[in-house]
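J.: For reference, the structure I am asking about is given below.
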Amino acid sequence: VARLGSKFAKNMARKEVLVPHLNNWFGRGIFPDAIGFKVHPNKEKDNAFHPSGALKCARVLYAERDGHVDGQKHSADTQKIFMIGHMYHGLIQNIMVEGLGFCTWDEVEKEYDFGWDKETSDFDGSLLTEKGNPYRIRGFADFSRVVIPGKGEYLVDVKTMMSRIYAQEFTGSFNQDKYEAQVKLYMDMEDIDQAIILCVEKDGPHRFKEHLVMADSDLVESIYDKWEYVVDCEAEGEVPDCTCDHSVECPARSLYLGVG
Ligand SMILES: [Zn+2]
């Protein structure tokens with residue numbers, strides 16, 4: 001117990017707020033006789049903008065939404081990667097709710113769906129561009145709100161990664177901007193001002209680390225603006241301008257040849 005205690009203290013000293021609790025849960029070794037969790041492998045198709053695509057180019061979004069690019073067909077290898085990621089999510093959800101009691105199941109995979117009426121399957125008009133065109137934003141936060149003792153409330157998003165990626169500093173990493181933008185959108189929808197990206201190392205030794213993200217209304221507004229621009233272009237039958245940092249690398253660059 002003393003050894004675990006000192007490890008806990010060491011983790012706390014690294015200023016992590018959630019990871020020490022998760023590791024301590026494993027370290028205590030006091031488990032229920034069975035841990036049940038469900039894996040939800042199927043992504044529902046919809047007509048919404050999604051936080052996971054926050055940084056996608058306006059032209060790419062336009063192409064995807066209008067069916068100008070084929071739906072991605074994933075290889076068996078890629079499907080395995082997704083499936084294992086879902087498994088980790090299920091386990092961590094169970095630990096967070098049943099093991100640690102940091103939230104209830106209501107905060108797990110909380111759905112946000114703005115601008116849409118599920119009953120009539122139509123826009124509800126609550127999201128309109130300045131030109132009056134309706135649109136929809138939808139997403140699911142892994143944990144919309146968890147209460148960490150003595151630390152406060154956080155939105156938590158779990159990202160599973162292979163060791164090679166996990167070993168890199170999250171700050172400055174390939175996915176940092178994308179993941180942060182996604183979480184900042186969830187935070188805006190949840191109206192919460194801090195979040196944790198929990199990085200989970202899929203292969204051994206299965207380390208956890210966390211990355212703090214603060215609310216960022218400027219970034220969020222710029223993403224909503226971009227989405228509204230796509231919506232207006234769709235309504236007007238115009239192909240949006242590429243909004244990539246480097247348009248030569250735009251994934252949609254060869255789709256609309258001859259368009260400005
Ligand atoms: Zn582009």
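J.: Given (1) touching a His at 6+ places or on another chain (Cβ under 6 Å); (2) over 26 Å from residue 23 (Cβ atoms), where does residue 158 come up short, assuming only one miss?
T.: Unmet for residue 158, out of (1) touching a His at 6+ places or on another chain (Cβ under 6 Å); (2) over 26 Å from residue 23 (Cβ atoms): (2).
J.: Identify all residues within segment 227-258 that are assigned to a helix (DSSP H, G or I) and within 11 Å of the ligand (Cβ to nearest atom); write none if there are none.
T.: 247, 248, 249
J.: Filter segment 44-69 for residues that are within 16 Å of the ligand (Cβ to nearest atom) and of a type in the set (A, V, I, L, M); which is surrounded by the fewest Cβ atoms within 10 Å (Cβ to Cβ)?
T.: Going through the qualifying residues, I end up with 69.
J.: Can you name the residue in segment 186-206 that is of a type in the set (Val, Ile, Thr) and assigned to a strand (DSSP E or B) and, of all such residues, is nearest to residue 102 (Cα to Cα)?
T.: Residue satisfying both the conditions and the ranking: 196.
J.: Only one residue in 153, 98 is touching a residue at least 40 places away in the same chain (Cβ under 8 Å) and either crowded, with 20+ Cβ neighbours inside 10 Å or touching a strand residue (DSSP E or B) at 6+ places or on another chain (Cβ under 8 Å) (or both). Which one?
T.: Of the residues listed, the single one that is touching a residue at least 40 places away in the same chain (Cβ under 8 Å) and either crowded, with 20+ Cβ neighbours inside 10 Å or touching a strand residue (DSSP E or B) at 6+ places or on another chain (Cβ under 8 Å) (or both) is 153.
Read-outs: derived from the displayed coordinates by stated rules, not from any lab. Just so you know, these numbers come straight off a predicted model, no measurement behind them. A quick note on method: Cβ atoms are made from the backbone with ideal geometry, for glycine too, and the neighbour counts reach across all protein chains shown.
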